[in-house]
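Asks: Pasting a structure here, questions to come.
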Amino acid sequence: MNAPGGAVAVRIEHLIVRYGRALALDGVTFDLHFGEALGIVGPNGSGKSTLLKSIAGLLTPASGEISVLGAQPRDVPPGALAYVPQIEAADWSFPATVWDVVAMGRFPRLHFWQHFGISDRDAVKEALQAVKMYELRDRHISELSGGQQQRVFVARAIAQRPRLLLLDEPTTGVDAETEEALRRVVRSLVDDGLPVLMTTHDLDRVGEWFDRLLVLDRKVLALGRPEEVVESGAYTSIREHAHTHGHVRMT
Amino acid sequence: MDALLVPFQYAFMQRAFVAALAVGLLCSIMGTYVVLRKLSFIGDGIAHASFAGIVIAYIRGFDYYVGAAIIAVLTALGIGFVHRRGNISLDTTIGVLFTAAFALGVFLMSRLKNYAVDLQSFLFGDILGVSPKDLLFIGILSLLIAATVVVLFRGLLYTSFDPVVAKASGLHVGTIEYVLLVMLALTIIVALQSVGIILVAALLVTPAAAAYQLTKRFTPMMVLAALLGITSTVGGLYLSYFLRSSSGATIVLLATVLFFLAIGVKYLGFGRSA
């Protein structure tokens with residue numbers, strides 16, 4: 001089913017997520033549309049990663065509704081949703097080259113009797129070229145910089161040819177060249193109609209990255225066009241609040 | 001020259017070599033997952049726990065493979081459950097439950113009036129005692145495990161590297177983990193006969209760990225692990241004939257020599273090129 005541009009890709013209503021007794025998300029409601037890049041900003045512990053994991057079906061919410069591509073998060077068809085976690089989560093000593101990791105993006109759609117064919121190789125090659133990592137395809141993943149590792153993870157997600165892309169702080173700790181390469185890739189995917197949800201704790205250039213910006217601190221504090229949200233000061237106020245009170249919450 | 005072929009003259013030795021080949025292949029293929037997923041302690045735990053199954057099977061008078069296999073598979077599923085729940089530390093669970101299962105086995109055995117079961121052969125294996133029926137059992141399990149690895153190859157690879165993203169993109173990570181643990185349990189049962197409870201964990205880890213030193217991609221690692229595993233089991237069995245030594249111990253020591261050779265080769269600069 002090819003939803004038209006602008007249709008709802010992800011619908012979240014009154015989402016509540018708990019870790020034990022700690023409240024990670026407290027009544028979050030918003031929609032993500034096809035062909036839209038939605039940025040999520042918020043301080044550490046504001047529930048950004050929790051929100052993405054809930055949509056990816058990695059966490060079970062305490063209550064509320066999540067509809068992903070018209071289905072429950074765990075009933076989304078294999079390969080339809082691509083999730084890019086923070087790079088620290090992976091085992092970079094695993095015996096795999098850059099190519100091998102990006103090729104994994106094709107696995108969810110392949111049945112065991114299906115050969116890894118020309119269309120799969122083309123998808124991997126295109127994804128590697130899009131993030132400017134094709135020349136390093138034979139390099140072992142332990143020999144990459146942080147920015148290169150991030151690009152490999154994004155390439156794996158692109159090679160999957162998903163219908164929804166979730167990115168968890170892909171710009172954290174990467175060089176300016178990587179950030180620009182990732183921004184171009186994400187923008188071109190969005191222009192082709194892909195819905196993208198991405199967390200960041202960086203307010204610089206949000207206008208170039210996103211169509212809308214959501215300020216999260218367990219609740220939705222602001223949601224709108226990036227310039228308006230930045231001007232409203234909703235994010236700076238919670239950042240200062242978190243700073244002065246120094247409270248620590250679970251991410 | 002004929003003297004070197006002496007071991008192959010006897011039917012029991014021929015059976016032992018076929019068993020060694022199968023065990024070397026299976027253990028090192030499964031060992032690739034054990035090493036990359038850091039499951040070696042689990043392999044050790046399953047091997048020890050299955051001892052209780054062997055003794056119970058002996059007392060009840062049914063095939064000890066069946067007893068060991070039931071206990072080993074139940075143990076593996078139990079580990080999977082605890083691991084996925086994540087409430088209790090896995091190390092602690094294994095440390096408590098599997099030493100207890102092993103102790104239960106020794107306890108039951110020690111109370112038997114005149115036990116004909118040789119404890120030594122369970123602890124250190126008795127590959128020379130492989131019967132045609134054992135060989136059939138080993139063959140069936142080997143085919144089953146090999147077929148499962150082929151069917152689940154991509155899923156096992158993806159979930160070994162990045163289970164979280166694999167799950168998010170729609171792979172059935174939980175099912176794959178349970179299947180892997182059951183395959184691991186069955187591999188251990190196959191290997192018990194040849195190397196015994198004490199040494200089976202070594203055969204699961206050492207060839208794959210040696211291959212890990214020398215390769216930088218998954219499939220070459222698995223192929224090299226299989227070659228090193230077969231070399232260890234077949235070569236160790238062959239050497240043990242001339243050294244008049246325990247076959248299980250000789251197999252594991254040969255695997256260990258190959259492991260240190262692999263480290264040597266790596267530091268001489270030939271490693272991670274495949």
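The values are calculated or read from the model by the stated rules, or taken from the named source; none is laboratory data. Treat the numbers as computed from the prediction; the structure is a model and nothing was measured. Note: ideal-geometry Cβ built from the backbone for every residue, glycine included; neighbour counts use all protein chains shown.
Asks: Take residues that are of a type in the set (Phe, Trp, Tyr) and within 14 Å of chain A (Cβ to nearest Cβ) and tell me which of the helices (runs of 4 or more DSSP H) falling wholly in segment B:125-223 contain 2 or more.
Replies: Values: elements: B:132-151, B:153-161, B:163-168, B:173-214.
Once the helices (runs of 4 or more DSSP H) in segment B:125-223 are filtered for at least 2 residues that are of a type in the set (Phe, Trp, Tyr) and within 14 Å of chain A (Cβ to nearest Cβ), what remains is B:153-161.
Asks: Could we say that B:LYS113 is over 26 Å from B:SER245 (Cα atoms), outside any helix (DSSP H, G or I) and either of a type in the set (S, T, N, Q) or at pLDDT 80 or above (or both) here?
Replies: Considered against the rule, which asks whether it is over 26 Å from B:SER245 (Cα atoms), outside any helix (DSSP H, G or I) and either of a type in the set (S, T, N, Q) or at pLDDT 80 or above (or both), B:LYS113 comes out as no.
Asks: Sticking with this structure for a sec: Looking at (1) part of a helix (DSSP H, G or I); (2) more than 10 Å from chain A (Cβ to nearest Cβ), find the lone condition where B:SER245 falls short.
Replies: Failing condition for B:SER245: (1).
Asks: Within segment B:222-274, count every residue that is farther than 25 Å from B:PHE124 by Cα and within 21 Å of the chain's Cα centre (by Cα).
Replies: First, pick out the residues of segment B:222-274 that are farther than 25 Å from B:PHE124 by Cα: B:222-224, B:262-274.
Now narrow it down to the ones that are within 21 Å of the chain's Cα centre (by Cα): B:222-224, B:262.
The total comes to 4.
Asks: In segment A:103-194, which helices (runs of 4 or more DSSP H) lie fully inside it and hold 1 or more residues that are within 11 Å of chain B (Cβ to nearest Cβ) and buried (at least 19 other Cβ atoms within 10 Å of the Cβ)?
Replies: Answer list for segment A:103-194: A:146-159.
Asks: Scan segment B:214-243 and report the pairs whose first residue is without any contact (Cβ under 8 Å) to a residue 24 or more places away in the chain and whose second residue is not aliphatic (A, V, I, L, M), with Cβ atoms within less than 6 Å and a gap of 6+ or a chain change.
Replies: Going by the 6 Å Cβ cut-off, the qualifying pairs are B:LEU239/B:THR250; B:SER240/B:SER247; B:SER240/B:THR250.
Asks: Additional query: Go through segment A:207-241 and give me each residue that's in contact with an Asp or Glu (Cβ under 9 Å, 6 or more places away or on another chain), of a type in the set (A, V, I, L, M, F, W, C) and within 24 Å of A:LEU81 (Cβ to Cβ).
Replies: A:PHE210, A:LEU213 - these are the residues of segment A:207-241 that are in contact with an Asp or Glu (Cβ under 9 Å, 6 or more places away or on another chain), of a type in the set (A, V, I, L, M, F, W, C) and within 24 Å of A:LEU81 (Cβ to Cβ).
Asks: Can I ask one more? Just checking, which of A:SER93, A:SER46 is within 23 Å of B:PHE161 (Cα to Cα) and of a type in the set (S, T, N, Q)?
Replies: On inspection, the qualifying residue turns out to be A:SER93.
Asks: Taking only segment A:87-102 into account, find how many residues are facing another protein chain (nearest Cβ under 9 Å), within 19 Å of A:LEU167 (Cα to Cα) and surrounded by fewer than 21 Cβ atoms within 10 Å (Cβ to Cβ).
Replies: Counting residues in segment A:87-102 that are facing another protein chain (nearest Cβ under 9 Å), within 19 Å of A:LEU167 (Cα to Cα) and surrounded by fewer than 21 Cβ atoms within 10 Å (Cβ to Cβ) gives 3.
Asks: Take A:ALA80 and decide whether it is over 14 Å from A:VAL10 (Cβ atoms) and in contact (Cβ under 8 Å) with a residue 24 or more places away in the chain. I'd like the intermediate steps shown before the answer.
Replies: Working: over 14 Å from A:VAL10 (Cβ atoms): no; in contact (Cβ under 8 Å) with a residue 24 or more places away in the chain: yes.
Here the answer is no, as A:ALA80 does not meet what is asked.
Asks: Pairs, please: C-beta under 7 Å, at least 6 apart or cross-chain, first residue within 14 Å of B:VAL164 (Cβ to Cβ) and in segment A:49-64, second part of a strand (DSSP E or B) and of a type in the set (Asp, Glu)?
Replies: From segment A:49-64, the pairs are A:SER49/A:ASP168; A:LEU52/A:ASP168.
Asks: Next up: Restricting attention to segment A:27-54, and to residues there that are modelled with pLDDT under 95 and in a strand (DSSP E or B), which single residue is farthest from A:GLY207 (Cα to Cα)?
Replies: Looking at residues that are modelled with pLDDT under 95 and in a strand (DSSP E or B), I get A:GLY27.
Asks: I'd like to check something: does segment A:84-93 contain any residue that is over 30 Å from B:TYR212 (Cβ atoms), touching a Pro at 6+ places or on another chain (Cβ under 7 Å) and not aromatic (Phe, Trp, Tyr)?
Replies: Scanning segment A:84-93 turns up no residue that is over 30 Å from B:TYR212 (Cβ atoms), touching a Pro at 6+ places or on another chain (Cβ under 7 Å) and not aromatic (Phe, Trp, Tyr).
Asks: Only residues in segment B:185-198 that are touching a residue at least 60 places away in the same chain (Cβ under 8 Å) count as the first member; pair them with residues that are charged (D, E, K, R) and in a helix (DSSP H, G or I), Cβ under 7 angstrom, at least 6 apart or cross-chain, and list the lot.
Replies: Partner pairs satisfying both residue conditions: B:GLN193/B:ASP134.
Asks: If you go through segment A:1-52 one residue at a time, how many are under 25 Å from A:SER188 (Cβ atoms), polar (S, T, N, Q) and under 17 Å from the mean Cα position of the chain (by Cα)?
Replies: Counting residues in segment A:1-52 that are under 25 Å from A:SER188 (Cβ atoms), polar (S, T, N, Q) and under 17 Å from the mean Cα position of the chain (by Cα) gives 0.
Asks: Further, regarding this structure: Does segment A:57-77 include one or more residues that are of a type in the set (A, V, I, L, M, F, W, C), over 30 Å from B:PRO220 (Cα atoms), away from chain B (no Cβ under 13 Å) and assigned to a strand (DSSP E or B)?
Replies: Here is the first cut: in segment A:57-77, the residues of a type in the set (A, V, I, L, M, F, W, C) are A:58-59, A:62, A:66, A:68-69, A:71, A:76.
Cutting the leftovers down to over 30 Å from B:PRO220 (Cα atoms) gives us A:58-59, A:62, A:66, A:68-69, A:71, A:76.
Okay, now just the ones that are also away from chain B (no Cβ under 13 Å), so A:62, A:66.
Applying the additional criterion that residues be assigned to a strand (DSSP E or B) yields A:66.
Looking through segment A:57-77, at least one residue is of a type in the set (A, V, I, L, M, F, W, C), over 30 Å from B:PRO220 (Cα atoms), away from chain B (no Cβ under 13 Å) and assigned to a strand (DSSP E or B).
Asks: Something else: Take B:SER121 and decide whether it is more than 14 Å from every other protein chain (Cβ to nearest Cβ), in contact with a helix residue (DSSP H, G or I) (Cβ under 9 Å, 6 or more places away or on another chain), closer than 25 Å to B:ALA16 by Cα and surrounded by 17 or more Cβ atoms within 10 Å (Cβ to Cβ).
Replies: In short, no.
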